[in-house]
Structure formats: C-alpha cells, structure tokens
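A short write-up of the structure that comes next.
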Amino acid sequence: MKANHIPVKYRLRQRIGKLQSRLDNCFIRRNGRFYEFCSDCELTNIQINMNDGRHRQGCSFDGLEAQIKYYTKLLDEVTGGHPWND
C-alpha cells in the first residue's frame, strides 16, 4: 500500500469543503414558495430547524452539520487552533 503523503490538515480542509458544498446544495426553491425545501426528504428548512436540525430518516443530507463540526474540531486540534494556518 502506498503511503499517503498529503498532510492531514489539507485532507481535513478538503473534506470540510466538500461537506459544506454538499450542505449548501441541499435546499432548493420551488414554484415561488417562500421557504426552501430539502431536495431529498422534501422538508422545509423551517421544519428541519424545528426538528432540532434533523432531516427525515434516510435523508442523504442528515448529519452533515455534525460531520462538519467534527472535522472542524479535528482540524483545530491538528493546527493548534488556527484552522487555515499553513
């Protein structure tokens, strides 16, 4: 197996960026409706907020915010509290 020569902080930044991009593309606006809908589970962003940030069971976007927080915490530990410090 090849050794991974990409530093941890770069891999964490890339993963956080991909998760954030996926979360940003989660909601869509429909037919002039005021609220945005999740493109997978059809809940509005208001319904998700009232449900403690949880989507419906089986939604592919459920838990993305928790993953982003987790990887951001790991990045803080690796970089000593300065996440974008090289």
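Any residue in the range 3-26 that is more than 18 Å from the chain's Cα centre (by Cα), loosely packed, with under 14 Cβ neighbours inside 10 Å, touching a residue at least 24 places away in the same chain (Cβ under 8 Å) and in a helix (DSSP H, G or I)? Within the range 3-26 (the criterion being more than 18 Å from the chain's Cα centre (by Cα), loosely packed, with under 14 Cβ neighbours inside 10 Å, touching a residue at least 24 places away in the same chain (Cβ under 8 Å) and in a helix (DSSP H, G or I)), the answer is yes, since at least one residue qualifies. Just one of the numbered conditions (1) aliphatic (A, V, I, L, M); (2) free of Cβ contacts under 8 Å to residues at least 40 places away in the same chain; (3) surrounded by 14 or more Cβ atoms within 10 Å (Cβ to Cβ) is not true of residue 74; which one? Here residue 74 meets the rest and fails (2).
For the range 39-52, a tally of residues being in contact with a Cys (Cβ under 6 Å, 6 or more places away or on another chain) and either closer than 16 Å to residue 71 by Cα or part of a strand (DSSP E or B) (or both) returns 0. Among the residues of the range 1-52, write down those that are modelled with pLDDT of 85 or more and either of a type in the set (Ser, Thr, Tyr) or in contact with a Gly (Cβ under 6 Å, 6 or more places away or on another chain) (or both). 10, 21 - these are the residues of the range 1-52 that are modelled with pLDDT of 85 or more and either of a type in the set (Ser, Thr, Tyr) or in contact with a Gly (Cβ under 6 Å, 6 or more places away or on another chain) (or both).
If we keep just the residues of the range 27-64 that are loosely packed, with under 14 Cβ neighbours inside 10 Å and among the acidic types (Asp, Glu), which is farthest from the chain's Cα centre (by Cα)? The selected residue is 42.
The values are calculated or read from the model by the stated rules, or taken from the named source; none is laboratory data. Quick caveat: nothing in here was measured; it's all calculated off a predicted structure. Note: ideal-geometry Cβ built from the backbone for every residue, glycine included; neighbour counts use all protein chains shown.
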